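Participant: Before we start, here is the structure in question, set down as structure tokens.
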Amino acid sequence: MMEIVLLGVIGIIVGIFVISMGGGGGAIYLGVLTTLFHLPAATAASTSLITALPPLMLGAYTYARQKKIDFKTGNRMLIAALPAVIVGSLLAPHIPKMIYTIVIALVLILLGVQVLYQAIRPTKKSAASKSKGKAYAYGLLSGLMVGIAGLSGGGPIVSGLLLMGLDMVNAAATSSYVLIGTSIVGALLHASNGQVDWTAGIGLMIGAMIGAGIAPFLMARLKHVSSWMPPIMGILMIVMGIGTMI
């Protein structure tokens, strides 16, 4: 019983954080399940992807009601991301782990530096910044990360949206929408390789859904969040990239 309560509390915290930051939380869920609850890697990966879906759906639905999602840009990202998830999952067994670990780490660090620079020295936003090519490119990158590494792929999506000129609230909202599609495909592909631990998954999922329901309202009411969350996002991306190589 205490384990379920602990999972629920962790889920609330993670749900608020990842929906506010526009991520899927797959890596965080994976870390919780493997380090705190000692699930095998394959089971933890399958469970984390399944767990992330309902909170993402709830968060995206709430953002949609607030009219915060840029569906045009999000759909362009999905067009590139969904096939990339499938291609990535097919390539994964043939790519040496060290190589794609280094590539993913460098991508995360580069995106983090770009977001941090943009936050410190913002440029004027323009319609041209939200180009089709950039949307497709960031969607492709996210899809490959989901397919190859089993991550949620939220980092490239939200970072790309920030670099394309969206503010933090709209970037988080649009990212949540895009990640529903990539997470569904990723969950189907990775769940076939391992069992889902529903005991751990349900507790984490319920907590994360509560957190996901709270996050959009917090983002809408804390207007100053757009100014200080992008630098945090940039630093987090750099830390994640470094951590990937350690």
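Participant: Can you list the residues, at least 5 places off or on another chain, whose amide H is less than 5 Å from the amide H of ASP197, using H built in the peptide plane?
Facilitator: THR47
Participant: Which value, in Å² rounded to 10, gives the accessible area of TYR117 with a 1.4 Å probe and all protein chains present?
Facilitator: Surface open to solvent at TYR117 totals about 130 Å².
Participant: Something else about it: Take each of the peptides 58-69, 198-209, average the number of other beta-carbon atoms within 10 Å over its residues, and list them starting from the highest.
Facilitator: Listed from highest to lowest mean packing, they are 198-209, 58-69.
Participant: So between MET98 and LEU218, what do we pick up on full extension, going 0.36 nm a residue minus the alpha carbon distance?
Facilitator: Fully extending the segment from MET98 to LEU218 adds 39.3 nm.
The values are calculated or read from the model by the stated rules, or taken from the named source; none is laboratory data. Remember, predicted model here, so these are calculated numbers, not experimental data. Note: ideal-geometry Cβ built from the backbone for every residue, glycine included; neighbour counts use all protein chains shown. The accessibility values were calculated without ligands, DNA or RNA, using every heavy atom of the protein model including side chains. Shrake-Rupley method; radii C 1.70, N 1.55, O 1.52, S 1.80 Å.
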